[in-house]
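Visitor: Structure in structure tokens, see below.
The values are calculated or read from the model by the stated rules, or taken from the named source; none is laboratory data. All of these numbers come straight from a predicted model, not from anything done at the bench. Methodologically, a virtual Cβ is constructed for each residue, glycine included, from the backbone with ideal geometry; neighbour enumeration extends over all protein chains shown. The protein model used for the area step is the full one, side chains on, heavy atoms only, and it has no ligands, DNA or RNA in it. Shrake-Rupley method; radii C 1.70, N 1.55, O 1.52, S 1.80 Å.
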Amino acid sequence: MLYSNLPPLPLAEVGDPFLKTYLRVIDSLPADGSLPPPTLSTLKSVVINQAKQIPYSNLGVYYPREIVAEYIASVDPDNPSTNTNPTIQLDLLSLQTKLLEKRHGGYCLENNLLLAAALSALGFTVLLRTSTVIFGSTSHESALNLQESHLFLIVGVPSSDEDGSDLGPFETPKSDVPECASWWLCDDGSGNYGPTEPIPFRRGATGRGHFGRSIVIDLVQWSNTERWVLYYNHAPKESPPPSKDSESLNVRFPDPRGNRFYIWMDEDIEFDRLEKMNQRVCIPSRCPPGDQNNLVSMVAEDGGGIMIIGKEENGWKVVARNPEGQEVENYTVSTLDEFVGELKKRFWMDLNI
């Protein structure tokens with residue numbers, strides 16, 4: 001069950017046809033066509049397989065009409081009354097069309113809402129959480145001035161089977177939800193810096209990230225309020241620094257636990273909060289990763305990663321890394337035709353740009 005508001009299509013629409021299409025696209029549908037049970041192994045499989053089959057992409061912000069405007073079902077492209085960008089729509093029908101049928105990829109709101117719909121329909125307890133991306137902030141004070149710009153999930157596994165109890169105690173989210181055997185942070189919408197697997201929702205938990213990076217989450221004091229922080233490191237650490245309840249982010253910058261990516265408070269949100277955030281970030285001057293760069297990235301089949309980043313005036317860099325994070329390809333394409341060719345070759349995107 002999803003314990004935050006879904007986009008306008010009701011949960012009743014999230015049934016077997018949607019699930020089987022989704023699981024088929026991400027290569028997670030069992031051979032007999034049955035739906036997998038809501039276990040930890042299913043959660044891990046769905047999260048990593050979506051990351052391998054549905055890329056992170058912000059191209060809908062920069063090339064809206066060339067990419068998806070003609071088939072968005074919920075909005076008239078000539079009268080985008082509900083959104084400044086008619087291609088970034090958060091209703092489930094639009095997400096299915098763009099991400100599953102057309103395979104264009106999406107940014108955090110799109111990819112993680114699709115993941116939320118699928119996991120909730122499979123029987124997991126799914127909580128929507130918004131965060132503030134502080135990547136690049138040089139001080140605690142400068143980070144405080146930033147607005148929420150990222151969506152991720154906290155997911156409860158109902159069964160004690162494979163509950164990960166050997167990983168230590170789990171935090172219980174501050175929501176009115178059923179008791180679950182374990183809770184996990186899941187994020188398939190963070191481009192090339194976030195996690196590629198579910199991270200245990202507990203202090204000091206670690207996991208694997210894109211491009212061989214390691215991920216740490218921890219609870220800290222931030223402006224006299226407890227907030228969670230997700231960190232990334234460019235190389236896996238043998239053991240993370242111990243967590244201290246009273247430790248403040250003011251003590252040291254940069255943080256010894258790694259590079260801070262985003263911060264959040266564990267609180268429920270309503271869907272209109274997501275709509276407002278979408279309005280903020282779906283225009284080029286405010287879209288992650290910033291500087292009006294196009295970004296498309298995906299986990300490779302071998303566990304490595306592929307990324308294309310850049311813009312028309314400067315060209316686009318193509319970078320591929322192996323599962324250990326070592327660079328195996330790095331070159332630049334300078335023309336729009338070359339860029340479109342790389343998108344088709346690397347991400348199956350057939351775009352009329």
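Visitor: Sticking with the crude label model, points 7 Å out along Cα→Cβ, report the distance from Asn314 to Asp302 in nm, one decimal please.
Guide: It is 2.9 nm.
Visitor: Sorting Lys174, Lys52, Lys20, Lys317 by accessible area (1.4 Å probe), largest first, what list results?
Guide: Lys174, Lys317, Lys20, Lys52
Visitor: Roughly speaking, what is the stretch gain from Glu267 to Gln221, that is 0.36 nm per residue apart minus the C-alpha to C-alpha distance, in nm to one decimal?
Guide: So the extension gain works out to 15.0 nm.
Visitor: Let me ask another. Quick check: residue separation of Glu179 and Tyr331 times 0.36 nm, minus the Cα distance between them. What number comes out in nm?
Guide: My answer for the length gained is 49.8 nm.
Visitor: Check His150: other-chain or 5+ apart residues with amide H under 5 Å from its amide H, H built from backbone geometry?
Guide: Ser131, Val133
Visitor: What FRET efficiency do you get for Glu101 and Asp27 if R0 is 25 Å and r is their Cβ-Cβ distance, rounded to the nearest 0.05?
Guide: Plugging the Cβ-Cβ distance into 1/(1 + (r/R0)^6) gives 0.95.
Visitor: What's the local net charge at Met307, with K and R +1, D and E -1, over the other residues with C-beta under 13 Å away?
Guide: Residues close to Met307 contribute a combined charge of +1.
Visitor: Using the structure shown, list the pairs from Lys52/Lys102; Lys52/Lys276; Lys98/Lys345; Lys276/Lys317; Lys52/Lys174; Lys98/Lys174 with a Cα-Cα distance above 26 Å, or answer none.
Guide: Cα-Cα > 26 Å for Lys52/Lys276; Lys276/Lys317; Lys52/Lys174; Lys98/Lys174; rest within.
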